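Trainee: I'd like to ask some things about the structure below.
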Amino acid sequence: MAIADIRQRPGVLLGAAILLHVVLISAQVNTKSGLPLLQVITFGSFSEVQRGMMAVVGGTRGLWSGYIGLQNVQAENNALKQEVQSLQIRLQEERAEAQRTDNLRQLLELRERAGLDTTAAEVIAAAASPEFRTVTIDKGSSHGLQSDMAVISPAGVVGRVILPGRRASKVQLLVDRNAAAGALIERTRVQGVVIGFGDGSLRMQYVPNTADVKTGDLVVTSGIDGIYPKGFVIGTIDNVSRGVGQYHEITVRPTVDFSRLEEVLVVKTLPASRTLPEGSE
Amino acid sequence: MRSAVALAAIFVALALQTTLAGLVIRGTAALDLVLIVVVYIALKSGPVTGLLAGTVAGLIQDALSNPILGIGGLAKTMVGFLAGLLATQFILNGPLPRFVLIVMATALHAAIFMGLYVLLDLRQFPDPIPAVVGQAIGNGFVGVVGFQLLEWIPGFVDRRRAGRFLKR
């Protein structure tokens with residue numbers, strides 16, 4: 001019955017015969033690359049089937065993972081957001097720690113360079129009133145701090161201790177309206193007095209009009225005030241003008257950024273003129 | 001019965017063909033007796049039988065002589081099928097139509113056979129047309145004569161039997 005059916009369809013039989021022959025020939029013939037033609041054709045055809053299958057499987061997988069399998073993504077997303085926030089906070093902490101380490105390293109270098117008896121202190125508070133430029137540090141009399149001890153930072157002079165508590169001290173910044181320091185221009189060694197102006201800048205007074213003063217000159221402590229050790233940087237001259245009297249009007253830009261003070265050094269070595277005699281309190 | 005006769009004819013043709021292998025024109029056999037037999041079977045039995053006869057004959061011929069099994073088989077399959085198909089569509093009883101048919105079959109066979117060999121870079125056939133034309137004419141003459149003989153012999157035998165019966 002089947003044979004009779006096939007005989008009624010000669011075209012099908014011809015196709016089958018041709019296919020049979022093609023397969024037979026392909027099994028014996030090598031391609032130019034040396035591989036059997038049947039293998040190449042079979043592999044090529046099957047690889048296309050595989051490619052199609054993979055496309056279907058990939059599409060299904062993408063559909064599953066992109067739409068159906070997203071049920072737990074919301075919770076996972078929230079957890080990841082929390083983790084990101086936690087990591088961001090941790091990163092900020094690490095950065096702060098690194099910055100703090102860098103500041104401390106600079107302080108240590110300054111301490112070694114200055115050759116003074118110093119103690120490191122951390123700024124724990126700013127002034128309660130904007131009219132006063134003071135900060136509070138975490139060292140006090142229990143750490144050996146006394147009034148008028150100089151406070152310095154790697155960038156330059158910060159101020160002086162005006163109120164030593166037991167475990168904390170108030171420091172008057174050099175930019176405070178009532179602060180002053182003996183100073184000299186490093187290039188010409190001309191001396192004067194640097195006072196705070198309250199607005200963040202400094203004025204250098206008592207510099208004669210005849211003195212050689214230029215913008216950009218470095219101003220350092222002279223040490224004659226009995227508070228600040230000699231040679232520490234105060235700032236650079238920002239503006240020089242001839243005054244009404246016999247002195248220059250000099251504006252000094254402090255090298256210390258007083259708004260970003262974190263760690264400072266308190267110079268515990270008092271100038272010789274202020275050193276207490278032995279046996280006295 | 002018919003299949004057995006067809007197979008027997010193919011084997012006879014193969015046997016004769018192998019004995020005529022020395023008769024060669026420019027690398028191509030001057031006669032392809034197997035092809036002639038396939039065409040004859042297709043003429044008498046139709047495209048399907050012609051196709052099967054071509055397949056069997058071609059594959060055996062390939063197995064005996066050709067390096068690639070299937071190329072000759074494919075060529076003879078196509079020839080057997082198309083010859084049978086033509087026989088169902090046209091009246092091919094006269095010598096001339098049969099001659100033309102055999103010539104066309106030979107050309108088609110050569111085209112497929114040589115074409116596949118060249119296409120697959122297995123063998124070259126320099127200047128094949130004279131050889132193919134020679135083979136086609138040879139096949140045509142032998143085929144026409146052979147077909148006439150094959151159709152004449154049964155009648156001749158019958159007439160002789162009838163004559164003997166009448167003499168008694």
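Trainee: How many partner chain Cβ atoms sit within 10 Å of a residue's Cβ in peptide A:14-23, on average, as a whole number? Don't jump to the answer; show the numbers that get you there.
Mentor: On the way: counts 9, 0, 1, 11, 6, 0, 6, 15, 3, 1.
Per residue, the number of nearby Cβ atoms from other chains is 5 on average.
Trainee: Considering only the other residues whose Cβ falls under 15 Å of the Cβ of A:Gln191, what net charge follows from Lys and Arg at +1 and Asp and Glu at -1?
Mentor: Net charge around A:Gln191: 0.
Trainee: Listed highest first by mean packing, meaning other Cβ atoms within 10 Å per residue, what order do A:72-85, A:135-148 come in? Working shown, then result.
Mentor: Values: A:72-85: 10.0, A:135-148: 18.0.
Descending mean neighbour count gives A:135-148, A:72-85.
Trainee: Same structure again: What FRET efficiency, computed as 1/(1 + (r/R0)^6) with R0 = 41 Å and r the Cβ-Cβ distance, is obtained for A:Leu87 and A:Thr251, rounded to the nearest 0.05?
Mentor: Once rounded, the FRET efficiency stands at 0.35.
Trainee: Summing +1 for each Lys or Arg and -1 for each Asp or Glu, what net charge is found among the other residues whose Cβ lies under 12 Å from the Cβ of B:Val142?
Mentor: Residues close to B:Val142 contribute a combined charge of 0.
Trainee: Still on this model: Can you give me the Kirkwood hydrodynamic radius for the protein assembly as shown, using every pair of distinct Cα atoms, in Å to one decimal?
Mentor: 32.8 Å
Trainee: Here is a further query. Which value at 222 nm does chain B reach when only helices count, each DSSP H run of 4 or more adding -39,500 (n - 2.57), with the total divided by all residues and rounded to the nearest 500 deg cm²/dmol?
Mentor: Result for chain B: -28000 deg cm²/dmol, rounded to the nearest 500.
Trainee: Shifting gears a bit: Relative contact order for the stretch B:2-167 using alpha-carbon pairs under 8 Å, separation at least 6, rounded to a whole percent?
Mentor: Value for the stretch B:2-167: 22 percent.
Trainee: Hey, for a label at A:Ala16 modelled as a point 7 Å past Cα toward Cβ, could you say which residues of the stretch B:28-58 have their backbone N under 19 Å away?
Mentor: Under 19 Å, as judged by backbone N against the label point of A:Ala16, lie B:46-58 of the stretch B:28-58.
Trainee: While we're on this one: Could you tell me which of rounded, prolate or oblate describes the stretch A:119-270, using a ≥ b ≥ c as the square roots of the eigenvalues of the alpha-carbon gyration tensor, with rounded for a/c under 1.5 and, failing that, prolate when a/b is larger than b/c and oblate otherwise? Write out the running numbers ahead of the final one.
Mentor: Values: a/c = 2.32, a/b = 1.88, b/c = 1.24.
It comes out prolate by the Cα gyration axes.
Trainee: Oh, and also: Give me the net charge for the shell around A:Arg95: Cβ to Cβ below 15 angstrom, other residues only, Lys and Arg +1, Asp and Glu -1.
Mentor: Around A:Arg95, the charge tally is -2.
Trainee: Nearest 10 degrees, 0 to 90: what angle lies between the long axis of helix A:73-114 and the longest principal axis of chain A (Cα atoms)?
Mentor: Helix A:73-114 and the main axis of chain A meet at about 40 degrees.
Trainee: In what sequence, highest mean first, do A:110-118, B:97-105, A:159-167, A:93-101 appear when ranked by Cβ atoms within 10 angstrom?
Mentor: Packing order, densest peptide first, comes out as B:97-105, A:159-167, A:110-118, A:93-101.
Trainee: Return the single residue from B:Pro130, B:Pro95, B:Pro47 with maximal mean-square fluctuation; model: Gaussian network over chain B, springs between Cα atoms under 10 Å.
Mentor: Largest GNM mean-square fluctuation: B:Pro130.
Trainee: Further question: Select from chain B the helices, each a whole stretch of DSSP H, whose alpha-carbon atoms run 15 Å or more along the helix axis and whose Kyte-Doolittle mean is at least 1.0; answer none if there are none.
Mentor: Span-like helices, by this rule, are B:2-19, B:33-45, B:47-65, B:71-89, B:95-119.
Every number in this text was worked out from the coordinates using simple rules, so none of it is lab data. Not measured: the values here are computed from a predicted model. Ideal geometry is used to build each Cβ from the backbone, glycine not excepted, and the neighbour counts take in all protein chains shown.
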